[in-house]
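Student: If you scroll down you'll find the structure; I have some questions about it.
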Amino acid sequence: MCWQCDHPEATRQDYLAYMQDLIDQFGWAVVGVEGDRIHPPWAYTLGLTQYGRPELVITGLPAPRATWLLNTVAPYVLGAKIPGPGDDVLIEGCPAMEVVRVAEPSAHLAVAVEVYGQGIQALQLTYPDERGHWPWHPGFRGQHRGGQPILGVRVPALPANTA
């Protein structure tokens, strides 16, 4: 259930204040969006923008798993070079992930837009299914109806400079 559904007496400002408290305490928060009969769930970070970093998005996973992954990857993004489109994100204990730049963050990260404005940047963390197929593979099987929507255009990583 969503925070707002669990707190029907609360205002939008109460929700934003709650999220700001989480950001103040942990450096970021995770916003979960429930799926419906057509669209799978998705989740994203809120707060990385204040550090000059893109927000992170994961689609097609249940909220607890998506939250865990985002909370695991966020410190990596804060403490290292920002991964680029096509880069692999390999963190012990996490599935292999590949980065896709989100084409229109304002279409998917409503709370981040409300807090930081239209100019936010976002990176999607994509992951393979249990058979090792990535979402752009025709044999990919998502965990939810609607699979794992890709919110941008997949760009293969640039080869490392060998000069």
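Student: From the set of residues in segment 84-135 that are within 14 Å of the chain's Cα centre (by Cα) and of a type in the set (S, T, N, Q), which is surrounded by the most Cβ atoms within 10 Å (Cβ to Cβ)?
Tutor: GLN124
Student: Only one of these is assigned to a loop (DSSP other than H, G, I, E, B), surrounded by 13 or more Cβ atoms within 10 Å (Cβ to Cβ) and modelled with pLDDT under 90: GLN143, GLN148. Name it.
Tutor: GLN143 is the lone residue from the list that is assigned to a loop (DSSP other than H, G, I, E, B), surrounded by 13 or more Cβ atoms within 10 Å (Cβ to Cβ) and modelled with pLDDT under 90.
Student: With the requirement that a residue be closer than 18 Å to GLU34 by Cα and part of a loop (DSSP other than H, G, I, E, B), what does segment 100-131 give you?
Tutor: Of everything in segment 100-131, just one residue is closer than 18 Å to GLU34 by Cα and part of a loop (DSSP other than H, G, I, E, B), namely LEU109.
Student: Just to be sure, is LEU70 assigned to a helix (DSSP H, G or I), surrounded by 13 or more Cβ atoms within 10 Å (Cβ to Cβ) and under 14 Å from the mean Cα position of the chain (by Cα)?
Tutor: Yes, satisfied.
Student: Looking at segment 4-47, which of its residues are in contact with a helix residue (DSSP H, G or I) (Cβ under 6 Å, 6 or more places away or on another chain), of a type in the set (Phe, Trp, Tyr) and either over 22 Å from PRO105 (Cα atoms) or surrounded by fewer than 20 Cβ atoms within 10 Å (Cβ to Cβ) (or both)?
Tutor: TYR15
So that you can scan it fast, the table gives a plain yes or no per residue for (1) part of a loop (DSSP other than H, G, I, E, B); (2) over 20 Å from VAL155 (Cβ atoms):
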site	(1), (2)
ASP21	no, yes
GLY35	yes, yes
ALA43	no, yes
THR49	no, yes
ILE58	no, no
GLU98	no, no
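The values are calculated or read from the model by the stated rules, or taken from the named source; none is laboratory data. What you see is a predicted model, and the numbers here were worked out from it, not measured in a lab. Every residue, glycine among them, receives a Cβ derived from its backbone with ideal geometry; neighbour counts consider all protein chains shown.
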